[in-house]
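What follows draws every value from the coordinates through simple rules; no lab data is involved. As the structure is a computational prediction, the values presented were derived from the model and not from experiment. All Cβ positions, glycine included, derive from the backbone under ideal geometry; neighbour counts span all protein chains shown.
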Amino acid sequence: MSRSQDLKHIVRQKYPFPISHAYAYLESRADPDDRYQALLSCLEVTLKSIASIALANFMRDIQDDPELGNAHLFQDLLDIWDCLRACFKSLGSCSTLRGWTEKHIRVI
């Protein structure tokens, strides 16, 4: 089994469902525009999953040690998320990146 096949197998079998599902969808697209949108979706799902896990770990740690708490942390996370969403929207409409993706889609 090649390295890329190993990676595909690991992502599909061992990653959390939202990530593996988005990745499987990405792999099933043939059209470059569809692959580009699926890639952005896969990235977004991955960031959301990582943020959810980090937030859950932080909330668990706060329960163990309230001194770790920060009243403004949640609002800061929401602000960061809004910024990321704006970046995704601009990437989705960026013709330069879309052209790059069409040229290099086989690498991805």
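With Cα atoms as the point set, the radius of gyration and Dmax of region 1-65 evaluate to 15.0, 50 Å.
Averaged over residues, the count of other Cβ atoms within 10 Å places the peptides 32-39, 54-61 in the sequence 32-39, 54-61, highest first. Between His21 and Ile53, the modelled labels are 1.7 nm apart [label points 7 Å from Cα along Cα→Cβ].
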